[in-house]
Structure formats: C-alpha cells, structure tokens
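To start, the structure under review is shown below, and the notes come after it.
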Amino acid sequence: MAPEEPARAEALAAAQRALARRDLSERELRDRLQRAGLDPAAAEEVMEQLRRGGLVDDARFAEERARVLAERGKGDAAIRFDLERHGVALGLIERTVIALEPERDRAEKVVARRGAGPKTARLLASRGFPEEVVTLVTETDIAHGP
C-alpha cells in the first residue's frame, strides 16, 4: 500500500530542506527523516525517488567529502573514519580513498607550508597520516627529494 500523499509530501519537503543546506549521505538523510517522526513508508519512498533522481548519491558524497578532506591535509585514516561516520559503505570508502592523491604527496604539501620538525610531525599524525609517511616526509628535504 502506497503512503498517503500528505505524508509523502511532508517527507519530501523535509528531505529538500535537509539537502538544501549540504549534501548528505543516504544514512544521514534517512536518520534525519526518521528523527523528524515522518511516516516510514513515505520516507523510504522519498529516499528511493531522490536516489533515482541523483539527489542522494553516496558515491558522489564520498568523492566530494574525501576530496575536501584531502585538500585540508587529512590522511587516509582520517578520511576513512569521517566517511564511516557519515554512513558510507566500506567498499565505497576504499574505492574513494584509492582514487585520492597519494598520502605522501599530501603530507609533503603540509611540510612544505609548515616546515619539517616535531610540530609538523605531530600535526600529520593527528590528521591520520601513518607513522612511516610522517617520518619520511618530516626527515626528507622535500625540495631535493628522498
């Protein structure tokens, strides 16, 4: 049995308001609709409509989110954690992270801006870079390569 039209319209309006602010993963949008106390059948119908229309797309969400985090100097571990927190499927997370600029290149950009040293090493570690990348880029003269 199809959800009644007023319930569907209410779910669609709530989804549109949520998506007007920023792109959301499927899980985030589904959670918001559920928290709003909307009819579950209407909410699921709206979710399907938005997926078909391309307004909710976890692949696009993951790629854009990962790109932004990588540009902010985050390592793969931090990006994976963030995408998991947003409800992106693990397989999609791995495909997205693999497509990013290599971690070492991102770390080198941070070191080039801040200089090599213990503070930069701690910053890189806190941003999700693995120990071997932190050690390599903070001990290597980036201008001359390894």
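Residues 91, 53, 37, 87: which one is in contact with a helix residue (DSSP H, G or I) (Cβ under 7 Å, 6 or more places away or on another chain) and either touching a residue at least 60 places away in the same chain (Cβ under 8 Å) or within 30 Å of residue 15 (Cα to Cα) (or both)?
Numbers: 91 fails: in contact with a helix residue (DSSP H, G or I) (Cβ under 7 Å, 6 or more places away or on another chain); 53 fails: in contact with a helix residue (DSSP H, G or I) (Cβ under 7 Å, 6 or more places away or on another chain); 37 fails: in contact with a helix residue (DSSP H, G or I) (Cβ under 7 Å, 6 or more places away or on another chain).
From the options 91, 53, 37, 87, the qualifying one is 87.
Here is a yes/no grid of residues against (1) part of a helix (DSSP H, G or I); (2) touching a strand residue (DSSP E or B) at 6+ places or on another chain (Cβ under 6 Å); (3) at pLDDT 95 or above:
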residue: 66; (1), (2), (3): yes, no, yes
residue: 69; (1), (2), (3): yes, no, yes
residue: 78; (1), (2), (3): yes, no, yes
residue: 84; (1), (2), (3): yes, no, yes
residue: 91; (1), (2), (3): yes, no, yes
residue: 94; (1), (2), (3): yes, no, yes
residue: 110; (1), (2), (3): yes, no, no
residue: 134; (1), (2), (3): yes, no, no
residue: 142; (1), (2), (3): no, no, no
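Looking at region 119-129, can you tell me whether even one residue there is at pLDDT 95 or above, part of a helix (DSSP H, G or I), aromatic (Phe, Trp, Tyr) and within 30 Å of residue 28 (Cα to Cα)?
No.
Suppose the filter is part of a helix (DSSP H, G or I) and in contact with a helix residue (DSSP H, G or I) (Cβ under 9 Å, 6 or more places away or on another chain); does residue 104 pass it?
yes
Rundown of residues vs (1) surrounded by 15 or more Cβ atoms within 10 Å (Cβ to Cβ); (2) within 28 Å of residue 20 (Cα to Cα), yes/no style:
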{"site": "46", "(1), (2)": "yes, yes"}
{"site": "60", "(1), (2)": "no, yes"}
{"site": "63", "(1), (2)": "yes, yes"}
{"site": "85", "(1), (2)": "no, yes"}
{"site": "91", "(1), (2)": "no, yes"}
{"site": "102", "(1), (2)": "no, no"}
{"site": "107", "(1), (2)": "yes, no"}
{"site": "111", "(1), (2)": "yes, no"}
{"site": "115", "(1), (2)": "no, no"}
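Does residue 77 satisfy the condition of being surrounded by fewer than 19 Cβ atoms within 10 Å (Cβ to Cβ), under 20 Å from the mean Cα position of the chain (by Cα), farther than 22 Å from residue 23 by Cβ and not acidic (Asp, Glu)? It would help to see each step written out before you state the result.
Working: surrounded by fewer than 19 Cβ atoms within 10 Å (Cβ to Cβ): yes; under 20 Å from the mean Cα position of the chain (by Cα): yes; farther than 22 Å from residue 23 by Cβ: yes; not acidic (Asp, Glu): yes.
So residue 77 passes the test.
The values are calculated or read from the model by the stated rules, or taken from the named source; none is laboratory data. Values in this document were obtained by computation on a predicted structure and should not be read as measured data. Here the Cβ is made from the backbone with ideal geometry for all residues, glycine too, and neighbour counts use every protein chain on show.
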